[in-house]
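So the structure is just underneath, and the comments pick up after that.
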Amino acid sequence: MNPLQLCLVFSSLLFAVGLAGALARNNGILVLLGLELMLNAANLNFIAFWRFHPGAAPATGVIFVIFAIAVTAAETAVGLALVIALYRHQQNIRLSEANRLKG
Amino acid sequence: MDSPADHLWLIPALPLLAAGLGALTPRRGRRFAAGTAIAALAGSLLLSIAALHEALADPAAHLYHNFSWFDIGSGVMRLGWLLDPLNALMCVMVSLVGLLIFIFSLGYMDSDENFARFFCFLSLFAAAMLGVVVSNSLLLLFISWELVGLASYLLIGFWFQKPSAAAAAKKAFITTRIGDLGLLLGLVWLYNSTGSLLLYDGGGGVLEGSVLGALAAPVLAGGFAASTGISLLVFCGAAGKSGQFPLHVWLPDAMEGPTPVSALIHAATMVAAGVFLVARVFPLFSADQALAGAPLHALTVVAGVGAVTALMGAAIAVAQHDLKRVLAYSTVSQLGYAAIFHLLAHAFFKALLFLASGSVIHAAHHEQDIRRLGGLRGRMRATFATFAVGMMALAGVPFVFSGFWSKEAILHAASAWEVSPLPLYAGLAGVVLTAFYMTRLLCEVFLGAPRSPAAAHAHESPKVMTVPLIALSIGAVALGFFGTPAWPWLQSRLTGAEIPGRPLLEGGGLMALSIVLVAIGLGSGWALYGRRARVAAAAPDPLAAASPRLFSFLGAGMRFDALYAATFGRLNRFGAALADVLDRRVWGGAVATLGRFGELTGFVNSVVDRLGLNAGFDAVSGRFRGAGRAYSRRQTGEAHGYLRALAIAFVVLALLALIGGRR
């Protein structure tokens, strides 16, 4: 098993843990944590393919990941703001109760 | 080019303006309405006198001012004003008598709540009448003529709450309309054959030589001239307005209006309009005289109708009991004489008589039945004196009163007419009857003892009513001196040629005869009614006692109303019934069938709409609604539900990628 495969297996496991956390948890912040894990699994894949791919241009994967981290930071800020707004609204952050925004 | 005729339009325009203002005046603006009406008419009077002064400077000239009204095709319809002595005299007469009657109305209509409206109508009437007089175009004359008819309708029906007044107004309007139809046809014929309706137009007017000559050429079958036909049609209109036989029936009924209206319209001015029209277009009437071969001359018909009217009106007047109706039939009779001098004189004394009777009626609380009046001489001295003046003028008491001279002139003309002596005989008979019935009227109303409480409590009318009476009685006397045979000032001014004065007693035989006849009339009237005055309202009339059937025949106006009801009325009813049947059966059926057809198409339309179009649209929109509902059911708002769907989709995609990778 070469290092690339090892990296891919690791990132897949990380993604599965993040997905399970996002699906299983009722707490808004923990769901956001799960999402964060899944994004990091994807970032790991970018780095791995860049590092182990013969003839890749210098720093491509790193730049991709840095962009992704920046976007994720912005998205997390919005997500946390939503959680705070949710708390103000219903005095807790249980997603199962935040179901009134439907069509 | 500043001719006096240019400003002639002001004469009718002033009262018209007053009528317009009066129409805008609210009911409480009594003083304003009456003030403007009287001021406007006084202005017209001054202008008329100025116009008369201009016209008399050159009596033979016809000053006119024509202007084009509108273009029809290649032709131009032109209107205009005319100034000559005939017009100017009529203007002065209408505005003077009108003014006096307006002033009289101040007193007579004092207690009427529609005082302002009354003056508005009076002004409209005066404007229309003056319009008839000054127009130089038969079209303009016809327009004013119809306005006169309208104003007369409004004024006769002024007390329209009374069914009899409303009916009388309708009768007057319809009867004169029959005559007006003839007039209109005459105008159309005239326009068709000459292309102009102007009276004087520098040689091209219908009353000027060349056009008249063409009209008088015999063109119709039987040797009639076109001018005869036109004249007779025009005469229809004149007869309608003047209450000539056989269209006289409206005039007595018109007495339903307020008495000043009777005086203004049905004694002094409107009925004079017909005679004026004949005098105005006299050249047209006399155009066929030169035509020896014509079987009928227009003037023969006019004279015949006049003679019949004069005699018949006088005979009916003898047997009337209503104060105003006696005077109305007397008007019918006097208009039969139809001459301008007599007309001017008649306007004064008949207006005087009507106003005096108005004064009586006003004083006697609207009691008009002469059998229930009586004994008013002592209590109403001014009214009695002026009434007596008017009565003597009308009866033709010799030498002092205008009626004598004007009637004398007519009798002379009739005796000189070689076609037929009939008009002369009718005129002489009319003289006797006139003197007789006027004496009867005077005796019944003013002499004897009062025969009802109203008459017993009568008192003299206010100054505003008696002063016009006195002014009119002066006119009734004075006007006579302008037309005596010795000094025929008026006649020469009217014809435009100097007529040499004749010695007063030339043709003295005829004059003596008529004086004797007047004396017979007065004497027999006095013998029957004055010497032994009526003692009770229910006592029979001496004449009725002598010949009850004749008296009741005359009392019913020779049963003309019944005759017309039996002939024209029945014809009309038959036509109406026929039209009714046609309407119900034929036209009604056709309309109903069409309606059913429309209903059927409407029904088909609605079915198609409901079952076809609506059902289709409903089905389609139902589908959309169902789909939308199904989608919205998926939106639960559960964040985890959405995440779960994403995860499942992801797993499915991953599996697909795996399977695809194997291939």
Among residues of the range B:158-174, those that are farther than 18 Å from B:D561 by Cα and either assigned to a loop (DSSP other than H, G, I, E, B) or touching an Asp or Glu at 6+ places or on another chain (Cβ under 8 Å) (or both), counted: 4
Residues of the range B:70-107 satisfying the condition of being aromatic (F, W, Y) and modelled with pLDDT under 80: B:F70
Selection within the range B:629-641 - of a type outside the set (K, R) and at the interface with another protein chain (Cβ under 10 Å from one of its Cβ atoms): B:Y631, B:S632, B:Q635, B:T636, B:G637, B:E638, B:A639, B:H640, B:G641
Flag if B:A647 is under 29 Å from A:R25 (Cα atoms) and facing chain A (nearest Cβ under 10 Å): yes
Cβ-Cβ under 9 Å pairs, at least 6 apart or on other chains, the range B:390-419 side surrounded by fewer than 24 Cβ atoms within 10 Å (Cβ to Cβ) and outside any loop (DSSP other than H, G, I, E, B), far side among the aromatic types (F, W, Y) and at pLDDT 75 or above: B:A414/B:Y425
Which numbered condition A:R100 fails, given (1) in a loop (DSSP other than H, G, I, E, B); (2) more than 14 Å from chain B (Cβ to nearest Cβ): (2)
B:G427 being small (G, A, S) and at pLDDT 75 or above: yes
Set A:F67, A:F49: member being more than 14 Å from every other protein chain (Cβ to nearest Cβ), buried (at least 16 other Cβ atoms within 10 Å of the Cβ) and farther than 17 Å from B:Y642 by Cβ: A:F49
Output for the range A:61-74, where each listed residue is over 13 Å from A:N40 (Cβ atoms) and not hydrophobic (A, V, I, L, M, F, W, C): A:G61
Residue within the range A:80-88 that is away from chain B (no Cβ under 14 Å) and either hydroxyl-bearing (S, T, Y) or surrounded by 13 or more Cβ atoms within 10 Å (Cβ to Cβ) (or both) present: yes
One residue from A:G61, A:G28 being closer than 28 Å to B:V651 by Cα, away from every other protein chain (no Cβ under 13 Å) and touching a Phe, Trp or Tyr at 6+ places or on another chain (Cβ under 9 Å): A:G61
Selection within the range A:23-54 - touching a Leu at 6+ places or on another chain (Cβ under 7 Å), small (G, A, S) and at pLDDT below 90: A:G28
Verdict on B:V652 being away from chain A (no Cβ under 13 Å) and under 30 Å from A:R25 (Cα atoms): yes
Verdict on A:A56 being in a helix (DSSP H, G or I), more than 14 Å from chain B (Cβ to nearest Cβ) and among the hydrophobic types (A, V, I, L, M, F, W, C): no
Residue in the range B:154-164 that is closer than 21 Å to B:A351 by Cβ and charged (D, E, K, R) present: no
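For (1) buried (at least 24 other Cβ atoms within 10 Å of the Cβ); (2) under 29 Å from B:P468 (Cα atoms); (3) in contact with a Leu (Cβ under 9 Å, 6 or more places away or on another chain); (4) modelled with pLDDT of 85 or more, each residue gets a yes or a no:
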{"site": "B:F125", "(1), (2), (3), (4)": "yes, yes, yes, yes"}
{"site": "B:M129", "(1), (2), (3), (4)": "yes, yes, yes, yes"}
{"site": "B:K162", "(1), (2), (3), (4)": "no, yes, no, no"}
{"site": "B:A172", "(1), (2), (3), (4)": "yes, yes, yes, no"}
{"site": "B:S193", "(1), (2), (3), (4)": "no, no, yes, no"}
{"site": "B:L199", "(1), (2), (3), (4)": "yes, no, yes, no"}
Selection from the range B:617-628 of residues that are of a type outside the set (A, V, I, L, M, F, W, C) and away from chain A (no Cβ under 12 Å): B:D618, B:S621, B:G622, B:R623, B:R625, B:G626
Hits in the range B:232-261 - residues which are surrounded by fewer than 23 Cβ atoms within 10 Å (Cβ to Cβ) and either in contact with a Cys (Cβ under 8 Å, 6 or more places away or on another chain) or among the hydroxyl-bearing types (S, T, Y) (or both): none
Test result for B:V419, β-branched (V, I, T) and modelled with pLDDT under 75: yes
Residue match in the range B:50-67 (condition: without any contact (Cβ under 8 Å) to a residue 40 or more places away in the chain and of a type in the set (F, W, Y)): yes
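The values are calculated or read from the model by the stated rules, or taken from the named source; none is laboratory data. Since the model is a prediction, treat every value here as computed from it, not as a measurement. Backbone-built Cβ (ideal geometry, glycine too); neighbour counts: all protein chains shown.
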